[in-house]
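My questions all concern the structure below.
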Amino acid sequence: MNPNPSSSIMPRRDFARVVAGSVLGASLAGPVAAAQALGTRRPRKNLKHHVGGDYHCVLGPHWASKQNIEFHLRHGVKTFHANFGGAEAGNRAGRDEWNLDEMKRWRDSCDQGGLFWEGIRMDSRYIYLKPGADRDRKLDAIVGNIQKAAQVGVKVITHHWTMIPIRRNGHTPGRGGSSYHSFKLEADWKSLPVEANGVVSYDDYWERITYFLQKVIPVCAQHDVKMAVHPYDPPGLPMGYQGVDNWDAAPHTVLDSLKRYESIVDSPYNSFQLCLGTCGEGLRNMRTEILPIVQYLADKGKIANVHMRNVRGGLHNFQEVYHDEGDMNFLEIIRILRDAGYAGCILPDHAPTHPDDPGKLQAFTFAFGYLKALIDVANLEVPE
């Protein structure tokens, strides 16, 4: 027995170094060398980036309910991103124009409860529309919604151009009896039926994107609201998959697709909801290939928020796993965000399922703590 138990307690800074080393699986020399190769900035503390919650994890009848606000605050999460793109309570599915009175009530509920309403996921049906009056009417509604977001102090609107639904086609057994959503490119993918929105060529897809950005981003700049696109999930599908040439389809790489998107209107308001899991799904070696993607967008100030989701596998064959067991090293990524001075939100995104955790609240609670700890560890690495 140790006669002086207190002497065995490791100082917090030393503990952080040990945790960092264990996460890396070796000394810090590897990541430092990698960071130098990527041209990262000098390490510096970053107290601005933070862990937030979103519509994937809601406790209670509504995201702005007292129950949900207190759930997030109990776990150290002080910001939230709501979903206006689906059939959540209090927001009718498919409604083009947001209700400003409702938004003000939700803003008041958040303010009174101590939760900062930081972002909105918008309805993304615009991408279905061909040139014409219907498309212009949809854009007019989006412009009005940007103005309403600004009126209630929300500075980020995200969207997800899904001409075909997000693709998953299997489940993989996971730890503790959980189940991991997975995808493997079908050998007979060419025989899959064309989706509801029909055949869409690569050029047509980019025309729709370009028209949107040229019309909307100047309005975002006027009202100081970032418009952040989520990469299609998964990237790297073959051209013509279910009739669609996705904007990040093969043979175009993930990074090249993101660069093309942000170059159409090169503005800080044309930004990204950087979903690490989605990007990783399109890479052959995500451990190394994800870092230049994060570095490029962070250096350009084009990240509005980060979806922290880990996956195992890669291009055309992957499983969504818990945040601490995938092929990406999140500490390496947090270091890039730290040194770039990234001031946005880090959101745990997707989680494995389990019969005892139907709402995934346990999984997200774990993710909140894990990601907050990584931010703390990364900051403790930097000398005072």
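Could you give each residue of the stretch 372-384 its phi-based ³J(HN,Hα) in whole Hz, using Karplus coefficients 6.51, -1.76, 1.60 with θ = phi - 60°, and x for Gly or Pro?
Result, rounded to whole Hz: 4, 5, 5, 4, 4, 4, 4, 6, 6, 5, 8, x, 5.
Same structure again: Residues with amide H under 5 Å of Thr353's amide H, sequence separation 5 or more or different chain, H placed in the peptide plane at 1.01 Å from N; which?
Here the answer is Ser179, His181, since their amide H atoms fall under 5 Å of that of Thr353.
Would you pull out the residues with amide H under 5 Å of Leu283's amide H, same chain only if 5 or more places away, H placed 1.01 Å from N?
Leu315
If each DSSP helix of 4+ residues adds -39,500 (n - 2.57) and the sum is divided by the residues in the chain, what number results at 222 nm, nearest 500 deg cm²/dmol?
Working: 11 runs with 148 residues, N = 384.
The helix-only estimate for the chain comes to -12500 deg cm²/dmol at 222 nm.
Which residue, Ile333, Val244, Val321, has the largest displacement toward the positive end of the dipole of the stretch 235-384 when charges sit on each Cβ (Lys, Arg +1; Asp, Glu -1)?
Farthest along the dipole direction, towards plus: Val244.
Which of the residue pairs Lys48/Lys302; Lys138/Lys226; Lys148/Lys259 have a Cα-Cα distance greater than 22 Å in the structure shown? Intermediate results must be reported in sequence, preceding the final value.
Working: Lys48/Lys302 16 Å; Lys138/Lys226 18 Å; Lys148/Lys259 29 Å.
Table pairs above 22 Å Cα-Cα are Lys148/Lys259.
Still on this structure, I have one more. Identify, among Ile375, Val152, Tyr202, the residue whose Cα sits farthest towards the positive end of the charge dipole of the chain, taking +1 on the Cβ of Lys and Arg and -1 on the Cβ of Asp and Glu, with the dipole about the Cα centre.
Ile375
For Cα extents along the principal axes in Å, the listed values are (1) 171, 99, 37; (2) 79, 51, 44; (3) 61, 47, 42; which was obtained by calculation from the structure presented?
Evaluating Cα extents along the principal axes in Å on these atoms matches (2).
Along each of the three principal axes of the Cα atoms of the stretch 85-186, give the extent in whole Å, ordering the values from largest to smallest.
45, 44, 21
So between Glu70 and Asn285, what do we pick up on full extension, going 0.36 nm a residue minus the alpha carbon distance? Don't skip to the end; give the middle numbers.
On the way: separation 215, 0.36 × 215 = 77.40 nm, distance 3.93 nm.
Taking Glu70 through Asn285 to full extension adds about 73.5 nm, to one decimal.
Moving to a separate point now. Give, in nm to one decimal, the length gained when the segment between Val382 and Asp203 is fully stretched (0.36 nm per residue of separation minus the Cα-Cα distance).
Length gained, Val382 through Asp203: 59.8 nm.
For the chain, with a Gaussian network of springs between Cα atoms less than 10 Å apart, report the residue from Asp357, Asp266, Asp324 with the top mean-square fluctuation.
Comparing Asp357, Asp266, Asp324 in a Gaussian network model of the chain, the most mobile one is Asp357.
Rank Ile264, Ile142, Ile157 by mean-square fluctuation in a GNM of the chain with C-alpha springs under 10 angstrom and give only the top-ranked residue.
Ile264
Amide H of Arg121 versus every other amide H placed in the peptide plane: which residues, excluding those fewer than 5 positions away on the same chain, fall under 5 Å?
Correct list: Ala82, Asn83, Phe84, Thr158.
In percent, what relative contact order does the stretch 200-249 have, based on Cα pairs under 8 Å that are 6 or more apart in sequence?
47
So which trypsin sites (Lys or Arg not before Pro) in the stretch 281-384 are both in a DSSP loop and have at most 13 other Cβ atoms within 10 Å of their Cβ?
Arg284
Please list 3J(HN,Hα) in residue order for the stretch 103-110, calculated via the Karplus relation 6.51 cos²θ - 1.76 cosθ + 1.60 where θ = phi - 60°; whole Hz, with x for glycine and proline.
So the Karplus estimates, Gly and Pro as x, are 4, 5, 5, 5, 4, 5, 4, 5 Hz.
With springs connecting C-alpha atoms under 10 Å apart, model the chain as a Gaussian network and identify which of Leu185, Leu337, Leu255 has the largest mean-square fluctuation.
With Cα springs under 10 Å in the chain, the top fluctuation among Leu185, Leu337, Leu255 is at Leu185.
I'd like to know which of Leu213, Leu192, Gln273 lies farthest towards the positive end of the charge dipole of the chain, counting +1 on Cβ of Lys and Arg and -1 on Cβ of Asp and Glu.
Of Leu213, Leu192, Gln273, it is Gln273.
Considering only C-alpha atoms, what is the centroid distance from the stretch 226-254 to the stretch 119-182, in Å?
The distance from the Cα centre of the stretch 226-254 to that of the stretch 119-182 comes to 14 Å.
Right, something else. What's the magnitude of the charge dipole for the chain around its Cα centre, counting Lys and Arg as +1 and Asp and Glu as -1 at the beta-carbon? Answer in Debye, nearest 20.
Using only the charged Cβ atoms, the result is roughly 740 debye.
While we're looking at this one, here's another question. Can you work out ³J(HN,Hα) from phi for every residue in the stretch 188-197, in order, using Karplus 6.51 cos²θ - 1.76 cosθ + 1.60 and θ = phi - 60°, giving whole Hz and x for Gly and Pro?
9, 4, 5, 8, 5, x, 5, 6, 4, 8
Please give the peptides 147-153, 378-384, 364-370 ranked by average Cβ packing (other Cβ atoms within 10 Å per residue), highest first, as a rough proxy for protection.
On the way: 147-153: 17.1, 378-384: 15.0, 364-370: 20.6.
Going from most to least packed, we get 364-370, 147-153, 378-384.
Just so you know, all these numbers are worked out from the coordinates, no wet-lab data involved. All figures in this text were calculated on a predicted structure; none of them were measured in a lab. Backbone-built Cβ (ideal geometry, glycine too); neighbour counts: all protein chains shown.
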